[in-house]
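Q: What follows is a structure written as structure tokens; I'll ask about it next.
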Amino acid sequence: MTLKIDIDPGAAIAPYEQLRAQISDQARSGALPVGYKLPTVRGLAEDLGLAANTVAKAYRALESDGVIETRGRHGTFVAAAGDAASKGAAAAAQAYAERVQRLGLTEAAALDAVRDALRAAYGNGG
């Protein structure tokens, strides 16, 4: 099992975001199992032809999202991302529900707004 990353330097998406998204997707799909040891920042930067700061920025974002965890000198590992993602989604949903209620939206209007936002985020029209 190996980390497979393909960075497109000509893409509109920044390299650190491409890296973050690919590691996140692989961790969530199980292609990178929980406990998989990721390369060092410098090692991955060299392999991909990126600046170390670019890889470090992606790793920080992934750690913030709960996808990876750093264990000091032992390295960086894939965390139990599903749990962190579920908890984050639940917290965001709770905050949204409280906000739309304060704004006076009906439940139906709040659900419509969520559906529209999800369609936009996932790039599908319906």
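Q: Quick one: the Cα spread of the chain along its three principal axes, in angstroms, biggest first?
A: 52, 34, 25
Q: For Leu32, enumerate residues with amide H under 5 Å from its amide H, sequence gap 5+ or separate chain, H modeled in the peptide plane.
A: Amide H neighbours of Leu32: Ala27.
Q: Residue-wise, which Karplus ³J(HN,Hα) couplings in Hz belong to the stretch 63-77, taking 6.51 cos²θ - 1.76 cosθ + 1.60, θ = phi - 60°, and x for glycine or proline?
A: 5, 4, 7, x, 7, 10, 9, 9, 10, x, 6, 6, x, 10, 10
Q: Which value results when the Cα radius of gyration for the stretch 15-78 is divided by 2.2 N^0.38 Å?
A: 1.00
Q: Counting only heavy atoms of the protein chains, get the accessible area per residue of the stretch 43-126 (1.4 Å probe) and round it to a whole Å² value.
A: Per residue, the stretch 43-126 has an accessible area of 67 Å².
Q: Using C-alpha positions alone, give me the convex hull volume of the stretch 84-124 per residue in cubic angstrom.
A: 64
Q: Full-extension gain between Ala108 and Ala51, please, as 0.36 nm times their residue separation minus the C-alpha to C-alpha distance.
A: 15.8 nm
Q: If you don't mind, there's one more thing I want to ask. Whenever you get a sec, compute what percent of the accessible area on the chain sits on carbon and sulfur atoms (1.4 Å probe).
A: Reported share for carbon and sulfur atoms: 53 percent.
Q: Also, I was wondering about something else. Looking at the chain, identify the longest residue range that excludes and avoids all trypsin sites (Lys or Arg not before Pro) in DSSP loops having at most 12 other Cβ atoms within 10 Å.
A: 5-70
The values are calculated or read from the model by the stated rules, or taken from the named source; none is laboratory data. The structure presented is a predicted model; accordingly, all values stated were derived computationally and were not measured. Cβ: placed from backbone, ideal geometry, glycine included. Neighbour counts: every protein chain shown. What goes into the accessible areas is simple: the full protein's heavy atoms, side chains included, and nothing from ligands, DNA or RNA. Shrake-Rupley method; radii C 1.70, N 1.55, O 1.52, S 1.80 Å.
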